[in-house]
Amino acid sequence: MPLAETAGGWVITDDGRIRASVPTIAALAGAGARVIVASHLGRPRNGPEEKFSLKPVGIRLAELLGRPVAQATDVVGPSATQTVARLTDGDVALLENVRFEPGETACDDGLSDRLAALCDCYVGDAFGAVHRAHASTAGVPRRVPHAAGDLVLAELGVLTRLTENPARPYAVVLGGSKVSDKLAVLGNLLTQADRILVGGGMCFTFLAALGHDVGGSLLQQDQIPSVRDVLRRAEQLGVEIVLPVDVVAAADLAADAATRTVPADAIPPDLKGLDIGTESAQLFASRLADAKTVFWNGPMGVFELAPFAQGTRRVAEVIAALGTGGALTVVGGGDSAAAVRLLGIEEEHFGHISTGGGASLEYLEGKVLPGLSALA
Ligand code: ADP
Ligand code: MG
């Protein structure tokens, strides 16, 4: 959940994930259930930390639900027990950040028992956390009757359309920073997609694998053999890999940097490639034009800085237009979703923007997701 610190404390800068949780909570409360909401925020390391408190989340949740939300000041302690005991039918309570308990990420039996003791049954709706085997995602549903929530079912419905018989051509756009983060999903997508377009920081390891000079661009030298292997397998499988032909480069990563567009196969040694160029964006648009299914993960450049945001904007606009035209378009990845919102592109123009970047990537890698297995 994106938060920012202000003079008045921590404020929510993007409430997309809270909004996505509302329908299931509202349906349960509307049906008369006493709903206990458990969630996490950030990565607190050693117990409770004020900046990771769910207090602002509870306030926003109550506004969105149009119902009061009783907030506990701990996860399974006296406040949680008391808050839950006071609920009547149709009430909603929010526990404190489950990661304030060290047993959460360890899927500790004691914590799982105590969480399970608070409830009669469990609804798993945290799609963004289903790739984690934690107490609140896997421990509790192993102990009480359980079901998947509507958000999890909707996310799975879309991801299944990507993996089972996608409408073709199926094009994948990958970007972001490190190629090492994306090799596993790339390996699996090679057996499913017709085309894979690569931009962002990860494209430079591809360009280097082809023998090109990438100057000072982001390069993972140790991943070159794996990338060569991807290129070989793509050729064997008849999957087209599309790489940038030009890049927007600068000497420094700065909002006021002087930029130059240079050929992707000859980046001067003193420059870093920080976005795909206009010709590349055009090439990507042409390789997307007839796609019936598109999965996009990872921005095309350092979109956080205006001089390097154009490539991501153009590609996002092309994908949005395909979605409006009837193709299935799916955006997965925290930064990609943030880019869509930051660039002011209407979210409704995409078929689906996943609330779980890591979870959707791991699903597309073909991995078993512990939070889903526990709901079976
Ligand atoms: P997602 O969260 O959508 O999966 P990633 O976390 O993999 O995406 O990558 C997002 C980050 O990649 C952004 O912060 C962006 O600035 C960075 N990035 C994109 N292109 C480049 C580039 N050419 N050089 C360095 N960083 C880049
Ligand atoms: Mg990211």
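So what's the range 155-365 giving for Cα Rg divided by 2.2 N^0.38 Å, two decimals? Write out the running numbers ahead of the final one.
Details: Rg = 15.8 Å, N = 211, 2.2 N^0.38 = 16.8 Å.
Rg over 2.2 N^0.38 Å, computed on Cα atoms: 0.94.
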field: Length-normalised contact order of the range 155-365 in % [C-alpha pairs under 8 Å, at least 6 apart]
entry: 23
Estimated dipole of the chain in Debye, rounded to 20 [Cβ of Lys and Arg +1, of Asp and Glu -1, Cα centre]: 480
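If you build the Cα gyration tensor of the range 60-135 and take the root of 5 times each eigenvalue, what three semi-axes come out, in whole angstrom, biggest first?
Details: eigenvalues 91, 48, 27 Å².
Its equivalent ellipsoid spans semi-axes of 21, 16, 12 Å.
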- request: Would you mind checking the tilt of helix 310-324 against the longest principal axis of the Cα atoms of the chain, expressed as 0 to 90 degrees and rounded to 10?
  value: 70
task: Pull out a ≥ b ≥ c, the square roots of the eigenvalues of the alpha-carbon gyration tensor of the range 10-50, then state rounded if a/c is under 1.5, prolate if not and a/b is larger than b/c, and oblate in the remaining case.
output: oblate
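Would you please put 131-139, 32-40 in order of how densely packed they are, using the mean number of other Cβ atoms within 10 angstrom per residue and starting with the highest?
Values: 131-139: 24.2, 32-40: 21.2.
My ranking of the peptides, most packed first, is 131-139, 32-40.
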task: For the range 1-89, give the magnitude of the charge dipole about the Cα centre (Cβ charges: +1 Lys/Arg, -1 Asp/Glu; no others), in debye to the nearest 20.
output: 140
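What pairs in K178/K272; K182/K367; K55/K178 have C-alpha atoms more than 22 Å from each other?
On the way: K178/K272 15 Å; K182/K367 14 Å; K55/K178 34 Å.
Result: K55/K178 exceed 22 Å.
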task: Quick one: P(r) of the chain from all Cα-Cα pairs, 10 Å bins, percents rounded to integers, in order of increasing distance.
output: 5, 22, 29, 23, 15, 6, 1
- line: Pseudo-spin-label distance T13 to Q236, built 7 Å along Cα→Cβ, given in nm, is 4.4
field: Simple spin-label estimate for E346 and S180 in nanometres, 7 Å along Cα-Cβ
entry: 4.2
statement: The FRET efficiency for D89 and R168, from their Cβ-Cβ distance with R0 = 41 Å and rounded to 0.05, is 0.25
- request: Considering the options T261, S373, A193, tell which one lies farthest towards the positive end of the dipole of the chain, charges being +1 on Lys and Arg and -1 on Asp and Glu at the Cβ, about the Cα centre.
  value: S373
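Round to the nearest 0.05 the FRET efficiency obtained for D108 and D270 when R0 = 56 Å and r is the Cβ-Cβ distance. Provide the component values of the computation, followed by the final result.
On the way: r = 52 Å, r/R0 = 0.92.
The computed FRET efficiency comes out at 0.60.
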message: Just to confirm the number: angle between the C-alpha axis of helix 55-65 and the first principal axis of the chain, 0 to 90 degrees, nearest 10?
response: 90
Stokes-Einstein D in µm²/s, Kirkwood radius over Cα pairs - the range 287-376 at 37 °C with 0.692 mPa s viscosity: 238
query: Among G90, V179, P68, whose Cα lies farthest out toward the positive end of the dipole of the chain, if unit charges sit on the beta carbon of Lys, Arg (+1) and Asp, Glu (-1)?
result: G90
statement: Residues of the range 26-52 with backbone N under 11 Å of the label point set 7 Å from the Cα of C121 along Cα→Cβ are 33
- request: Assign one of three labels to the range 1-120, namely rounded, prolate or oblate, based on the Cα gyration tensor with a ≥ b ≥ c the square roots of its eigenvalues; rounded applies when a/c is under 1.5, prolate when it is not and a/b is larger than b/c, and oblate otherwise.
  value: oblate
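Relative contact order for the chain: what is it in percent, counting Cα pairs under 8 Å that are at least 6 residues apart? Write out the running numbers ahead of the final one.
Details: 765 pairs, mean separation 55.5, N = 376.
Computed value for the chain: 15 percent relative contact order.
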query: Helix 109-118 versus the longest principal axis of the chain: what angle, 0 to 90°, nearest 10, using Cα atoms?
result: 60
- request: List the residues whose amide H sits under 5 Å from the amide H of A33, counting only those 5 or more places along or on another chain, with H placed 1.01 Å from N in the peptide plane.
  value: G90
task: State the answer as a single residue: which of I353, L54, P145 lies farthest towards the positive end of the charge dipole of the chain, with beta carbon charges of +1 for Lys and Arg and -1 for Asp and Glu, about the Cα centre.
output: P145
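What does DSSP give for the chain in terms of the percent of beta bridges that are antiparallel, rounded to the nearest 5?
Values: 13 of 41 bridges.
Bridges in the chain that DSSP calls antiparallel: roughly 30 percent.
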task: Quote the FRET efficiency, to the nearest 0.05, computed for R45 versus A258 with a Förster distance R0 of 51 Å and r equal to the Cβ-Cβ distance.
output: 0.80
Inter-site label distance for D150 and A289 at 7 Å from Cα along Cβ, in nm: 4.0
- prompt: the range 208-266 to the range 53-79: how many Å between their Cα centroids?
  reply: 46
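Read-outs: derived from the displayed coordinates by stated rules, not from any lab. Note that the coordinates shown come from a computational prediction; the quantities given were computed from them, not determined experimentally. All Cβ positions, glycine included, derive from the backbone under ideal geometry; neighbour counts span all protein chains shown.
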